[in-house]
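Report on one structure; see the data block that follows.
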Amino acid sequence: MTDDPAVRLPPVEQIGIVVRDVDQAVEFFTSAFGWGPFKIREGEQKGFTYDGRTGDCRLKMAFARSGNVEIELIQVLEGETPHSDFLRRHGEGMQHLRFRVADFDGTIAALAKAGVDPLWHQKMPGIAAFAYMKNDKTSGLMVELFEKKESQKGRK
């Protein structure tokens, strides 16, 4: 084991949970654990790369805070994503941890040297970039790297 990791990630920013039905999940997590209030939104994501192929999807997501950590509930409405694969293979559950990085390209390059490559990724010039890293070495838990451009930090 080495003292110098390939990348030293900042604290966890988000926990991503894949669900079959966002509305039911919001109702459960609110009533059982007091999480919320949740903000629910639907959106399309076009032109991402997933496992070497370009694709589109439609997601329904709900967001709430737990201290400094964002809770994201994700329901896939259309398309193939790591979330739909996770749901088929494992059912509902915690699918990823997100880390906000200051140097997206540098972090991706450093992880590539350690044998960890992006599985699902997209750059939105001037706005943001994200990558879910392949999880064959991480016990199935995905690590999401996220960089939001300075002019966009106040917007979500």
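The values are calculated or read from the model by the stated rules, or taken from the named source; none is laboratory data. Model, not experiment: these values are computed from the prediction. Here Cβ is always computed from backbone atoms with ideal geometry, including for glycine, and neighbour counts include all displayed protein chains. Note: areas computed on protein heavy atoms with side chains; ligands, DNA, RNA excluded. Shrake-Rupley method; radii C 1.70, N 1.55, O 1.52, S 1.80 Å.
Fully extending the segment from residue 69 to residue 49, taken as 0.36 nm per residue of separation minus the present Cα-Cα distance, adds 4.5 nm.
Taking the 1.4 Å solvent-accessible surface of region 22-128 as the whole, the part contributed by carbon and sulfur is 52%. For the chain, the per residue solvent-accessible surface stands at 58 Å², with DNA, RNA and ligands left out and a 1.4 Å probe. Entry note, the chain: the mean residue ellipticity at 222 nm calculated from DSSP H runs of n ≥ 4, each adding -39500 (n - 2.57), is -6000 deg cm²/dmol after division by the residues and rounding to the nearest 500. Treating r as the C-beta distance of residue 8 and residue 89 and R0 as 35 Å, the FRET efficiency rounds to 0.70. Legend: calculated FRET efficiency, residue 117 to residue 146, from the Cβ-Cβ distance at R0 = 22 Å, rounded to 0.05, equals 0.85. Here the chain is assigned +1 on the Cβ of each Lys and Arg and -1 on the Cβ of each Asp and Glu. Its dipole about the Cα centre then comes out at about 320 debye. Note on residue 137 and residue 77: the extension gain reaches 18.8 nm, defined as 0.36 nm multiplied by sequence separation minus the Cα-Cα distance. Over 28 Å apart at the Cα level, from the set 60/113; 39/113; 46/134, are 60/113; 39/113. Over the chain, what is the mean sequence separation of C-alpha contacts under 8 Å (at least six apart), divided by residue count, expressed as relative contact order in percent? 24 percent. Using C-alpha pairs under 8 Å with a sequence gap of at least 6, the mean separation divided by the residue count of region 1-66 gives a relative contact order of 27 percent.
Can you give me the angle between helix 104-113 and the longest principal axis of the chain, using Cα atoms only, in degrees from 0 to 90, rounded to the nearest 10? Computed tilt is about 60 degrees.
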